[in-house]
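The values are calculated or read from the model by the stated rules, or taken from the named source; none is laboratory data. Values in this document were obtained by computation on a predicted structure and should not be read as measured data. In this analysis, Cβ positions are derived from the backbone assuming ideal geometry, glycine residues included, and neighbour counts consider all displayed protein chains. The protein model used for the area step is the full one, side chains on, heavy atoms only, and it has no ligands, DNA or RNA in it. Shrake-Rupley method; radii C 1.70, N 1.55, O 1.52, S 1.80 Å.
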Amino acid sequence: MREARFWSLLDGARAGREVDIEALRTALRGLTDADLEGFDKVLQRKVRKLDSRAVRTALMGNPEVFDGEGWSDDGFEYLRLGIVALGERTYRSVLRDPSELAAGTWKEHEELSYAVQEVLEERYGADDDHPGEPLRWYATVNSEKYPVLPPVQVEEGFPVETFSWLQIDVQDSGEMPHHIYEYPGGELFAYPDHEALSDYFSCAAHEAQEALRASIDFRRLPGLCLYLLVTVGESDSPPQWQLMPDFTHEEVSPGIATGLARERVESLSSSELTALARAVVVDSLALYFEDHPAEQRQVSELRRRLL
């Protein structure tokens, strides 16, 4: 979806300065699944661009917004959604000069983040798998995504043919978690491997790596490591953390965490599990390489070949 259409949909649902969420849902109901995905993708990209130290600092200096107690990550996200909900002119003004957030009234708009999901649930049902729904609807990106880095000189003899940059871990949340380590912010646990699914995902990750090795020069990024955590549990909700076994807190890699419903997985045949693993890997790569057109084209070709 083009940005102009995104802003047009928001403006069309406006009641004065505020977005009327029911009017927005009405407009979204007229979109195809692909356009709904496009709207959600643009929305999340706008919210991420406001995730900066300058924006947070300005809001913390606003006595009308900040009460001195601090925000949860969700609270800061809802405030950024509120800025997007005010429209393109306000949004661009804040990007140019975040200091304007230090005065005036700025409200949270949590409901905006659920609008697309609610329309999809109306269309397909809240408890059913959404036909053709991409993984990114419920995937969580942790840490930085694909870095934009200058070329790196790779030492002579660098084993490009064996460079494994895509790490995947399938865990079973129905088992007792293992305590991994403690750090100043708390402690982390990891669930045991979901042995019935691990091989399917490992094969899918290997296929993806081999297919992209010929088209994306990862020799320029010898430190690149994308970590994909898949947790099988009672719902498709993603876990809110990621962990490579035996990693310290500082070494947790950039990655994507997502969840699969146990009931859904256990009903699939071997061929369906292969297709599911491939879809999860490809959708994760599409999310990881978001905003990088050359890599996105290669992932699209990979999707065409595997799915």
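With all projection directions averaged, the alpha carbon convex hull of the stretch 1-108 covers 6.8 nm².
Output the peptides 170-176, 90-96, 266-272 sorted from most to least packed, where packing is the average of other Cβ atoms within 10 Å over each peptide's residues.
Values: 170-176: 16.7, 90-96: 14.9, 266-272: 9.9.
Top to bottom by mean Cβ count within 10 Å: 170-176, 90-96, 266-272.
Here the stretch 18-94 has 44 percent of its accessible surface on carbon and sulfur atoms, given a 1.4 Å probe and all protein chains in place.
Please give the contour-minus-distance gain from A4 to D193: 0.36 nm per residue of separation, less the Cα-Cα distance, rounded to one decimal in nm. Don't skip to the answer; put the middle values down first.
On the way: separation 189, 0.36 × 189 = 68.04 nm, distance 4.49 nm.
That works out to 63.6 nm of additional length.
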